[in-house]
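What follows is one structure encoded as structure tokens, with my remarks underneath.
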Amino acid sequence: MLSRVLGALVVWAVFAGGVSNAAGPSDAVASSNAVGASSAVNSSNAASPSNAAAPSKAHAFEDTIAERARPCTLCHGAQGRAGPDGYYPRIAGKPAGYLLHQLQNFRDGRRQYEPMAVLLEHLGDDYLREIAGYFATLDLPYPPPQPAAVSGAVLERGRRLVAEGDAARQLPACAACHGSALTGVVPAIPGLLGLPRDYLNGQLGAWKAGQRRAHAPDCMAEIVQKLSPDDIAALTGWLAAQPLPANTHPAAALPAPLPLTCGGVPASAQAVNAAGGAQR
């Protein structure tokens with residue numbers, strides 16, 4: 001964990017390099033010092049025959065959003081495919097509105113994770129929107145699902161909650177919001193497949209403990225408070241074991257209105273959802 005935090009502090013400079021702010025006096029001093037130091041080093045190196053003959057291996061920085069988004073891949077894997085440890089989720093191909101909201105939530109304290117907060121605390125909404133849009137456009141294959149780690153009875157309980165909900169407890173089906181294919185809905189509802197069980201457990205647990213929040217009204221917080229620990233184990237066990245459908249893209253709209261008002265979903269999108277739509 002410490003290495004992740006230190007890495008986040010180091011690579012913040014790459015993010016910050018894309019922010020369009022005028023350089024202040026301290027920047028000028030730093031630039032002057034950097035030039036002086038590098039000049040001295042270069043002069044010393046030039047005096048050495050072996051160094052004079054050494055080819056340059058410096059990587060030229062390209063000021064593109066793909067290059068500036070590289071710090072994300074430190075944890076989230078190459079091209080945002082997901083980290084190898086089961087905790088850092090896939091961000092490639094998620095709806096742009098959802099990704100933007102999560103970046104804002106980390107920056108503004110609705111989600112609690114210090115390395116993300118450090119990376120984002122000085123970044124404005126326009127830049128976060130650019131980052132979210134970049135990862136949303138990445139169309140990459142998913143890995144195979146995890147083997148089921150729970151019994152058949154637990155899996156069936158999870159399937160029922162995902163597909164049908166529990167009317168007696170006023171629990172809507174996961175599919176009612178996240179799409180019948182569970183691949184999410186544009187612009188702001190994420191998919192639930194292709195995520196490790198540990199990550200799903202962590203996020204539902206964070207909502208239940210009040211450590212994760214969304215824009216009010218927070219429909220997920222309301223739903224999770226009605227889930228028991230056994231419900232969560234069943235849901236995450238079933239979801240993590242499901243293969244992705246052939247079309248992994250988020251749906252363009254839902255065929256029915258959302259069962260709850262969700263502050264993270266724009267009102268215009270909820271109105272479109274009520275009119276129905278097809279998966280793209």
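The values are calculated or read from the model by the stated rules, or taken from the named source; none is laboratory data. Remember, it's a predicted structure, so these values are computed and weren't measured experimentally. Reconstructed Cβ throughout: ideal geometry from the backbone, glycine too, with neighbour counts over all protein chains shown. All accessible areas refer to the heavy atoms of the entire protein, side chains included, with ligands and DNA or RNA removed. Shrake-Rupley method; radii C 1.70, N 1.55, O 1.52, S 1.80 Å.
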(message) What distance in nm lies between label points placed 7 Å from Cα along the C-beta direction at Glu130 and Asp230?
(response) 5.2 nm
(message) Could you work out how much longer the chain between Tyr87 and Ala148 gets when fully extended? Use 0.36 nm per residue separation minus the Cα distance between them, nm to one decimal.
(response) 20.2 nm
(message) Cβ neighbours within 10 Å, averaged per peptide: list 123-132, 60-69, 179-188 in order, most packed at the top.
(response) 179-188, 123-132, 60-69
(message) Between Leu260 and Glu62, how high is the FRET efficiency from 1/(1 + (r/R0)^6) when r is the Cβ-Cβ distance and R₀ = 41 Å? Nearest 0.05.
(response) 0.40
(message) Per residue, how large is the accessible surface of the stretch 104-149? Use a 1.4 angstrom probe and give square angstrom.
(response) 54 Å²
(message) Taking all protein chains in place and a 1.4 Å probe, what share, in percent, of the accessible surface of the stretch 90-194 do carbon and sulfur account for?
(response) 55 percent
(request) Could you tally the net charge around Ala216, taking each other residue with its Cβ under 12 Å from the Cβ of Ala216, Lys/Arg +1 and Asp/Glu -1? (result) 0
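What ranking, highest mean first, results for peptides 200-206, 89-95 when packing means the other Cβ atoms within 10 Å averaged over each residue?
Packing proxy ranking, top to bottom: 89-95, 200-206.
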(message) What distance in nm lies between label points placed 7 Å from Cα along the C-beta direction at Ala117 and Ala167?
(response) 4.4 nm
